[in-house]
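Only one structure is covered here, and it is reproduced in the block below.
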Amino acid sequence: MKYLFVIIFFFIVSCDGFKSKNSTSDTPEYGVIKISVDESFKPVIEDQLKVYKSSNPNTNIIVSYKSEVDCFNDLLNDSTRLIIVSRGLTKKEIEYFRATLSFKPQFDIVAYDGVAAIVNKNSTDSTFTLNDLKEILAGQKNITVILDGTNATSTVKYLQDSILMGAEFGKNVKAVNGSNSVISTIKQNTNAIGFIGNSWVNNIFDEVQLRNFDKIRLALIECKKCGESGYFAKASQATLTNGQYPLARPLYYIVKENRLGLGTGFANFLSLERGQLIFRRSSLVPANLNFNKRVSRLKEK
């Protein structure tokens with residue numbers, strides 16, 4: 001009986017050890033996690049994931065690209081611990097998570113993006129004031145608007161909140177399935193304007209994006225911060241940095257972890273130098289890197 005007790009004891013210990021070893025929580029260098037990302041940020045996040053995976057080969061970040069509202073639904077129903085979207089948490093959402101989780105999810109801005117306006121290469125009109133955009137989106141002008149979905153994508157929400165000031169879209173506004181479909185539709189329509197995330201069209205290192213400019217071009221939008229009227233700018237890293245392109249928005253991570261897990265590890269990667277440089281390479285504006293000009297003097301001998 002004594003020996004039986006010893007055997008049972010070691011069996012329990014070994015089982016607990018096995019369970020502990022195999023149920024180890026994910027870390028920034030190890031494990032699997034599902035994340036949800038607003039589809040309009042897909043190109044730049046794909047670049048970020050590629051570099052993160054190369055540096056941390058024992059990680060597997062399974063990403064689902066969807067509308068912003070679906071990303072928040074995933075966060076609320078525990079389908080994911082990390083989302084990447086165009087806004088942070090509201091006070092009401094923070095209170096909800098504190099009540100249900102006993103802690104507040106962390107969130108921060110990691111970059112600034114633009115909602116790029118694109119038109120067909122042969123379009124007769126590619127210069128718009130903000131009032132023009134408001135009238136077009138409201139259906140008061142005979143121009144078809146192509147958006148990346150109807151289910152509250154960040155692009156749809158931005159245009160409705162910032163340009164229409166909450167008003168309804170006109171009947172001329174058409175939804176297609178994602179940003180690639182917006183580009184494809186504009187290629188075939190000379191009387192349309194499309195709106196997509198800046199990283200879908202402005203990455204000069206992406207050959208597919210460069211080829212798209214055989215059939216599309218970036219529209220010029222009225223600059224409200226240029227001091228004088230009559231100035232227009234197209235979406236680019238430079239115009240976003242200088243505040244010249246008006247359709248600008250932030251890119252946030254929201255991570256629901258109170259430990260150093262894989263979600264927190266990837267969020268930190270986006271915030272630190274390597275991730276910030278990837279944002280810069282993808283024509284977004286890094287939120288945490290300052291590109292200061294320094295004056296230096298060289299003495300000739």
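The values are calculated or read from the model by the stated rules, or taken from the named source; none is laboratory data. Just so we're clear, the structure is a prediction, and the values are computed from it rather than from any experiment. All Cβ positions, even for glycine, are placed from backbone atoms using ideal geometry, and neighbour counts span all protein chains on display. Heads up: the accessible areas ignore ligands, DNA and RNA and are worked out on the full protein's heavy atoms, side chains in. Shrake-Rupley method; radii C 1.70, N 1.55, O 1.52, S 1.80 Å.
Under the 0.36 nm per residue contour assumption, what length would be gained going from the current alpha-carbon distance of Thr129 and Ala152 to full extension?
Here the segment from Thr129 to Ala152 would lengthen by 5.8 nm.
Relative to the longest principal axis of the chain, what angle (0 to 90°, nearest 10) does the C-alpha long axis of helix 262-271 take?
Between the helix axis and the principal axis of the chain, the angle is about 40 degrees.
May I ask for the net charge around Phe97, where only other residues with Cβ less than 13 Å from the Cβ of Phe97 are counted and Lys, Arg are +1 while Asp, Glu are -1?
Net local charge, Phe97 excluded: +2.
Return the ratio Rg/(2.2 N^0.38 Å) for segment 67-168, where Rg is computed over Cα atoms only.
Working it through for segment 67-168, the quotient is 1.36.
Working from Cα positions, state the angle (0 to 90°, nearest 10) between the long axis of helix 2-22 and the longest principal axis of the chain.
With both axes taken from Cα atoms, the answer is about 10 degrees.
Run the numbers for Arg259 and Gln188: contour at 0.36 nm per residue of separation, minus the present Cα-Cα distance, in nm.
Between Arg259 and Gln188, full extension yields an extra 20.6 nm.
Please identify every one of the GluC sites (Glu not before Pro) in segment 182-279 that sits in a loop by DSSP and has no more than 11 other beta carbons within 10 Å of its own beta carbon.
Taking segment 182-279 and a limit of 11 other Cβ atoms within 10 Å, the loop GluC sites (Glu not before Pro) found are Glu228.
Extending each Cα 7 Å along its Cβ direction at Ser229 and Ser102, get the distance between those two points in nm, one decimal.
Placing both labels 7 Å along Cα→Cβ, they lie 6.1 nm apart.
Taking the Cα atoms of segment 161-289, what is the range of coordinates along each of the three principal axes, in descending order and whole Å?
Here the Cα extents, ordered largest to smallest, are 51, 38, 35 Å.
Near Thr190, within a Cβ-to-Cβ distance under 14 Å, what is the net charge of the other residues, with Lys and Arg +1 and Asp and Glu -1?
Charge balance in the 14 Å sphere: +3.
With a Förster radius of 22 Å, plug the Cβ-Cβ distance of Val51 and Leu210 into 1/(1 + (r/R0)^6) and report the FRET value to the nearest 0.05.
It comes to 0.55.
Write down the accessible area per residue of the chain in Å², having rolled a 1.4 Å probe over the full set of protein chains.
56 Å²
Report the extension gain between Thr90 and Asn122 in nm, rounded to one decimal, defined as 0.36 nm multiplied by the number of residues separating them, less their alpha carbon distance.
7.2 nm
Quantify, in whole percent, the carbon and sulfur part of the accessible surface of the chain (1.4 Å probe; protein heavy atoms only).
52 percent
Please report the antiparallel percentage of the DSSP beta bridges confined to the chain, to the nearest 5.
Taking every DSSP beta bridge with both residues in the chain, the antiparallel ones total about 55 percent.
Can you work out the Karplus-derived ³J(HN,Hα) for every residue in segment 180-189? Use 6.51 cos²θ - 1.76 cosθ + 1.60 with θ = phi - 60°, whole Hz, and x for glycine or proline.
Values, residue by residue: 4, 5, 4, 4, 4, 5, 5, 4, 9, 9 Hz.
Taking amide H positions as placed in the peptide plane 1.01 Å from N, state which residues far from Val63 in sequence (5 or more) or on other chains have amide H under 5 Å from it.
Residues meeting the criterion, in which the H sits 1.01 Å from N, are Ile35.
At 7 Å along the Cα-to-beta-carbon direction for both Gln140 and Ile109, put a label point, then send me their distance in nm to one decimal.
3.0 nm
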